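Have a look at the structure below, then the notes.
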Amino acid sequence: MTMDKNFAPADIEQRIANTWDEAKAFDAGAGARDGADSFSIVIPPPNVTGSLHMGHALNNTLQDILVRRKRMQGHDVLWQPGTDHAGIATQMVVERDLALRQIQRRDLTREEFLNHVWSWKNESGGTITNQLKRLGASCDWSRERFTMDEGLSKAVLKVFVQLHREGLVYKDKRLVNWDPQFETAISDLEVENIEVDGHMWHFKYPLAGGETYEYVEKDEDGNVTLRETRDYISIATTRPETMLGDGAVAVHPSDERYAPILGKLCEIPVGPKEHRRLIPIIIDEYPDPDFGSGAVKITGAHDFNDYAVARRNHIPLYRLMDVKGAMRADGEPYALEAEKAKAILDAGGEPNKNDVDMINLVPDEYRGMDRFEARKKVIADIDAEGLMIEVEDKRIMQPFGDRSKVVIEPMLTDQWYVDAKTLAAPALASVKDGSTKFVPKNWEKTYFEWMENIEPWCVSRQLWWGHQIPAWYGPDDHIFVAEDEEVALDMAVQHYLSHEGPWKAWVEEKMNDFKPGEILTRDPDVLDTWFSSALWPFSTLGWPDETPELKRYYQTDVLVTGFDIIFFWVARMMMMGLHFMEDEHGEPVEPFHTIYIHALVRDEHGQKMSKSKGNVLDPLILIDEFGADAVRFTLAAMAAQGRDIKLSTQRIGGYRNFATKLWNAVRFAQLNGAGHLVDFHPEAVKEPVNQWVLTEASRAVAEINEALEGYRFNDAAAAAYKFTWNLFCDWYLELLKPTLNGEDGPAKDEARATMAYVIDTILALLHPFMPFITEELWSETEGAHGRENVLALSPWPTLAYENETAAADLNWVIELISQTRSVRSEMNIPPSAKLSAVLVGASDATKARLKGQSNVLQRVGRFEAITLAVTAPEGSIQQVVGEATLCLQLGDVIDLAAERARLAKEIDRLDGEIARIDKKLGNEKFTARAPEEVVAGEREKRAGYEVEKSQVQEALGRLPS
RNA sequence: GGGCGUGUAGCUCAGCGGGAGAGCACUCGCUUCACACGCGAGGGGUCACUGGUUCAAUCCCAGUCAUGCCCACCA
């Protein structure tokens, strides 16, 4: 069974995946030593609607590298996989799907719709899981979880109920970011502020009753620059459609221009003249006197800043729009389902007595009009009336829904909130005291900044797909929060029977014939998807049940994720984990001790990859083209801390070549009968070349270990690459060839055995990075000696071998051959020409080396012979190797002028080095203040250069003139 | 406005207080019995700029310029 010349990833990847499957290699605890420490990672659950993108590929490659190494080290490993139900995204996908079949969600019952979602999930939800498998992710797929699973849903209910009982979850009416596309509230984090071209309109708000005042403007020195009589106040706005909801006009207390009209009323100049509302001119610190006219209209129900001003000054809040962002239409279903009361609350939170006014808030001609249409009409109407002062073009920041991409409308609604401030305190402390560490550390600052300024978290969503909020409303809208309806009903009955009032008798009457729906109505809203994601590190392990997995794998070890979800997910896992999980002493336990934040994979311009920009590189296409191993290795090699990855396919091609190189190295070993010794002990190796490669292999093992312990994936990848290609392939195998082609005997046996051993080491070291090809090559060389059948479950290399003498010997050999090659190339000597050489001035040690390695030197260096001599022969090209000089005998071919130039250049170089060191040593401050070993080192280097220089000078002198 | 980062070879990027590195690209040579997705040899960089600290700065500090991201924001 001879191996093919080239490595064809597509042919083996599926087969290797099956091998792992059959071996149950990724099951929790697979291959663990007795009593081994646990090592666990929870996957950042991709959206069930998702398909693998480069970010996933990077994220999961890094996790897989950590996990595979730990597994090989014999730890009890769990990599917990699963997917996220992704409320909005999934509902969107399914609605779109249904639309193709002419079905609208609103035509279905909630239950019918959810059935559609579940069947969609069952058919299409596995996509990303399969794609992760193609990447080689070694998750315990038997433990796959979904945030809407029964167990995880139970966790969600428990958490919500407990937080509510503790007062950390509550219902509130306040301004919220409203997405008119999806008709739901979203959290602050789901809003993207984007700068767009906009306008700022300046309007006149006429004073009530045609009153006038003297308007005076002054410059900085107090000189009057403008004085005129006005019957209006000038207002600037970027959102004229909200004018109908104005509650006041505010000016800064220090603004003298408006002092004459403080407390007076002005008119909102929109709608039929006879019905226009009058609003007061008030003072507040908020307006900036130097911006615009210095006067701000206050629209408390449609602007976050105005909301704060309105609350402070007890200005009524007028909600103008319905759930679709259209102007409210009388008699139309404009209210939220959850919003039973038609009343707009006033500043104090009490129902407004003037409900009627509210209904008439929007004049007939605007009712039902989309907000942007209404804007046009408001502008046109005001302009027609002659009240428009000017229109400014202006770049403005506008909020957009991160999924819907429509303009977000601040809206006054009832929503559920989590008291994030309280939960954030311990989460903040854990990072501050180092219990949980960010890698790289600088992300801590981002985390602190956000956590210290955290706002209440709006967790209710007006969707159908998600965890329905476990809250029930009584007939008087009293709220009962419980894990199920039965408990809620008990609570309700108790509540009503113990409170005197109109409902007591009613409940008493119902007691005999309970029909739950008649007393209680469940809150129709669902929870923010991130609410369940926040529980992921323990809900996936079985919490709230006390499972063995929970005991063994919580706290998880490291969370590997991108910085874009530090707030969305990491922070919230910290909050929930610390609140709900505790150790045997009752102390809170963080969900993980390390948070490794990796880069974002960007396109060539450093732009985030996104479908809308059309700059997406599809990892699956890359896997098809280059193989999963090449894609993985590229991502690992580029995952330097603190810098984004700009991915190029060329680079992936380079690492595909690396895979082929490895393939051929093993092929070479196989053709040369690697692995004949049954028992291999590095300490028993006798040949210097083998001692040397084992020394170098040990160094590579140490370097890779150190890099991976520090999450320096790029350093680990580079070390593995360098050792495999530049040392093992380029030198070791080449140096071995004379022996392998020579006669059978102990030397050949040892070469074969060492070669096999080092290849095993390389395969193991590379396995976390390139699992498919290494597994395949492992099985190709199966039976070499006693070892596991599956590389994924084989021991991680622990080689620690050091032989300095052998290392020095072989480095001398390499130096000699390299120099000779360089000279050959420079002097245009054909590579095929075999040279005779004479070594002059060799020490005893060098003589011994020459003797020991002469066979190798001749073969690899292409020498006819290397002999020892006291003086250099006439007409030879000379090169300094250590203390000796190697003279290449070329006979007539030698170009004396070229050789003289070559040696002169060498002397120049050495002179340069010596001059540089002399400058240093000549500096008294250097010799006095620099550490002794540094000074000694410089002196040593200088001496070395001097010796070399004199050798080269001698060589030059020996040339015939 | 606040925070974080980046400017090193043509390109993509490592490195980091004491002799400038890799991959790709480029040049030259090679049907060397594993590999042309290869082998060997090369060329190429005032390490953005200015100042400071230090015996010594690509590396530390300050400032400038350029550039990227995150958060907040004047109606």
Test: residue in the range A:771-790 that is among the aromatic types (Phe, Trp, Tyr), closer than 30 Å to A:Thr634 by Cα and either assigned to a loop (DSSP other than H, G, I, E, B) or in contact (Cβ under 8 Å) with a residue 60 or more places away in the chain (or both): yes
Given (1) open to solvent by 20 Å² or more (accessible area, probe 1.4 Å); (2) more than 16 Å from RNA strand B (Cβ to nearest atom); (3) of a type outside the set (Asp, Glu); (4) within 29 Å of the chain's Cα centre (by Cα), number of the condition A:Leu135 does not satisfy: (1)
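Each row is one residue, and each column tells you yes or no for (1) farther than 21 Å from A:Gln691 by Cα; (2) in contact with a strand residue (DSSP E or B) (Cβ under 9 Å, 6 or more places away or on another chain).
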{"site": "A:Ala719", "(1), (2)": "no, no"}
{"site": "A:Ala747", "(1), (2)": "no, no"}
{"site": "A:Arg752", "(1), (2)": "no, no"}
{"site": "A:Met755", "(1), (2)": "no, no"}
{"site": "A:Ile762", "(1), (2)": "no, no"}
{"site": "A:Glu775", "(1), (2)": "yes, no"}
{"site": "A:Trp812", "(1), (2)": "no, yes"}
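Listed here are the residues, each with its yes/no results for (1) within 13 Å of A:Ala842 (Cα to Cα); (2) modelled with pLDDT under 85; (3) of a type in the set (D, E, K, R).
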position: A:Val856; (1), (2), (3): no, no, no
position: A:Val860; (1), (2), (3): no, no, no
position: A:Phe863; (1), (2), (3): no, no, no
position: A:Leu868; (1), (2), (3): yes, no, no
position: A:Ala872; (1), (2), (3): yes, yes, no
position: A:Ile877; (1), (2), (3): no, yes, no
position: A:Gly882; (1), (2), (3): yes, yes, no
position: A:Leu886; (1), (2), (3): yes, no, no
position: A:Asp892; (1), (2), (3): no, yes, yes
Residue in the range A:507-522 that is at pLDDT 85 or above and over 29 Å from A:Met148 (Cβ atoms) present: no
Helices (runs of 4 or more DSSP H) contained entirely in the range A:437-555, each with at least 2 residues that are open to solvent by 10 Å² or more (accessible area, probe 1.4 Å): A:443-452, A:485-498, A:502-510, A:516-519, A:529-533, A:548-553
All positions within the range A:182-232 that are open to solvent by 60 Å² or more (accessible area, probe 1.4 Å), within 16 Å of RNA strand B (Cβ to nearest atom) and aliphatic (A, V, I, L, M): A:Ile194
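Among the residues of the range A:10-58, what is the count of those that are closer than 29 Å to A:Leu671 by Cβ and either of a type in the set (A, V, I, L, M, F, W, C) or crowded, with 22+ Cβ neighbours inside 10 Å (or both)?
Of the range A:10-58, the ones closer than 29 Å to A:Leu671 by Cβ are A:10-20, A:23.
Going one step further and asking which of them are either of a type in the set (A, V, I, L, M, F, W, C) or crowded, with 22+ Cβ neighbours inside 10 Å (or both), we end up with A:10, A:12-13, A:16-17, A:20, A:23.
Result for the range A:10-58: 7.
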Contacts under 9 angstrom Cβ, first residue in the range A:189-216 being under 21 Å from A:Ile382 (Cβ atoms) and small (Gly, Ala, Ser), partner away from RNA strand B (no atom under 16 Å from the Cβ) and in a strand (DSSP E or B), 6 or more apart: A:Ala208/A:Leu265; A:Ala208/A:Glu267; A:Ala208/A:Leu278; A:Gly209/A:Leu265
Subset tally (residues that are more than 16 Å from RNA strand B (Cβ to nearest atom) and out of contact with any strand residue (DSSP E or B) (no Cβ under 6 Å at 6 or more places or on another chain)) for the range A:826-849: 6
Test set (1) without any contact (Cβ under 8 Å) to a residue 60 or more places away in the chain; (2) within 15 Å of RNA strand B (Cβ to nearest atom); (3) open to solvent by less than 30 Å² (accessible area, probe 1.4 Å) - A:Leu888 fails condition number: (1)
Where a residue in the range A:645-667 is over 22 Å from A:Met609 (Cα atoms) and its partner, wherever it lies, is near RNA strand B (Cβ under 7 Å from one of its atoms) and in a helix (DSSP H, G or I), with Cβ under 6 Å and at least six apart: A:Lys661/A:Trp725; A:Ala665/A:Cys729
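For every residue, the table says whether it meets (1) modelled with pLDDT of 90 or more; (2) in contact with a His (Cβ under 6 Å, 6 or more places away or on another chain); (3) of a type in the set (A, V, I, L, M, F, W, C).
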| site | (1), (2), (3) |
| --- | --- |
| A:Ser430 | yes, no, no |
| A:Lys445 | no, no, no |
| A:Gln462 | yes, no, no |
| A:Ile469 | yes, no, yes |
| A:Gly474 | no, no, no |
| A:Ile479 | yes, no, yes |
| A:Gln494 | no, no, no |
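Does A:Ala36 qualify as being farther than 24 Å from A:Thr184 by Cα, in contact with a His (Cβ under 8 Å, 6 or more places away or on another chain) and in contact (Cβ under 8 Å) with a residue 40 or more places away in the chain? Reasoning before the result, please.
Working: farther than 24 Å from A:Thr184 by Cα: yes; in contact with a His (Cβ under 8 Å, 6 or more places away or on another chain): yes; in contact (Cβ under 8 Å) with a residue 40 or more places away in the chain: yes.
For A:Ala36, the condition - farther than 24 Å from A:Thr184 by Cα, in contact with a His (Cβ under 8 Å, 6 or more places away or on another chain) and in contact (Cβ under 8 Å) with a residue 40 or more places away in the chain - is met.
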Residue ID - farthest from RNA strand B (Cβ to nearest atom), chosen from residues in the range A:650-674 that are crowded, with 18+ Cβ neighbours inside 10 Å and outside any helix (DSSP H, G or I): A:Ala674
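Can A:Glu906 be described as under 30 Å from A:Lys834 (Cα atoms), within 14 Å of RNA strand B (Cβ to nearest atom) and crowded, with 17+ Cβ neighbours inside 10 Å?
Values: under 30 Å from A:Lys834 (Cα atoms): yes; within 14 Å of RNA strand B (Cβ to nearest atom): yes; crowded, with 17+ Cβ neighbours inside 10 Å: yes.
Judged against the criteria, A:Glu906 is a match.
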Qualifying residue in the range A:814-825 (condition: under 30 Å from A:Glu706 (Cβ atoms), out of contact with any Gly (no Cβ under 9 Å at 6 or more places or on another chain) and in a helix (DSSP H, G or I)): yes
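Conditions tested, residue by residue: (1) buried (at least 18 other Cβ atoms within 10 Å of the Cβ); (2) at pLDDT below 90; (3) farther than 25 Å from A:Arg257 by Cα; (4) of a type in the set (Phe, Trp, Tyr).
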| position | (1), (2), (3), (4) |
| --- | --- |
| A:Lys297 | yes, no, no, no |
| A:Asp303 | yes, no, yes, no |
| A:Tyr307 | yes, no, no, yes |
| A:Leu317 | yes, yes, yes, no |
| A:Tyr334 | yes, yes, yes, yes |
Index of the failed condition, A:Ala86 passing every other in (1) of a type in the set (A, V, I, L, M); (2) open to solvent by less than 40 Å² (accessible area, probe 1.4 Å); (3) on the phi < 0 side of the Ramachandran plot: (3)
A:Gly271, sole failed condition from (1) on the phi > 0 side of the Ramachandran plot; (2) under 47 Å from the mean Cα position of the chain (by Cα): (2)
Where a residue in the range A:537-551 is without any contact (Cβ under 8 Å) to a residue 24 or more places away in the chain and its partner, wherever it lies, is crowded, with 24+ Cβ neighbours inside 10 Å, with Cβ under 6 Å and at least six apart: A:Leu550/A:Leu541
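Table: residues versus (1) of a type in the set (Val, Ile, Thr); (2) surrounded by fewer than 21 Cβ atoms within 10 Å (Cβ to Cβ); (3) within 19 Å of A:Ile88 (Cβ to Cβ).
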residue	(1), (2), (3)
A:Arg395	no, yes, no
A:Phe400	no, yes, yes
A:Arg403	no, yes, yes
A:Val406	yes, yes, yes
A:Thr413	yes, no, yes
A:Asp419	no, yes, no
A:Ala424	no, no, no
A:Gly434	no, yes, no
Only listed residue being basic (Lys, Arg) and at pLDDT 90 or above, chosen from A:Lys834, A:Lys847, A:Lys905: A:Lys847
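A:Leu857 - would you say it is open to solvent by less than 20 Å² (accessible area, probe 1.4 Å) and assigned to a helix (DSSP H, G or I)?
Working: open to solvent by less than 20 Å² (accessible area, probe 1.4 Å): yes; assigned to a helix (DSSP H, G or I): yes.
In short, yes.
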Matching residues, the range A:233-261, being assigned to a helix (DSSP H, G or I), within 23 Å of A:Gly209 (Cβ to Cβ) and β-branched (Val, Ile, Thr): A:Ile261
Members of the range A:933-943 that are loosely packed, with under 14 Cβ neighbours inside 10 Å, within 10 Å of RNA strand B (Cβ to nearest atom) and more than 46 Å from the chain's Cα centre (by Cα): A:Glu940
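The values are calculated or read from the model by the stated rules, or taken from the named source; none is laboratory data. Quick caveat: nothing in here was measured; it's all calculated off a predicted structure. As a convention, Cβ positions derive from the backbone with ideal geometry for all residues, glycine included, and neighbour counts pool all protein chains shown. These area figures cover heavy atoms from the full protein model, side chains too; ligands, DNA and RNA do not enter into them. Shrake-Rupley method; radii C 1.70, N 1.55, O 1.52, S 1.80 Å.
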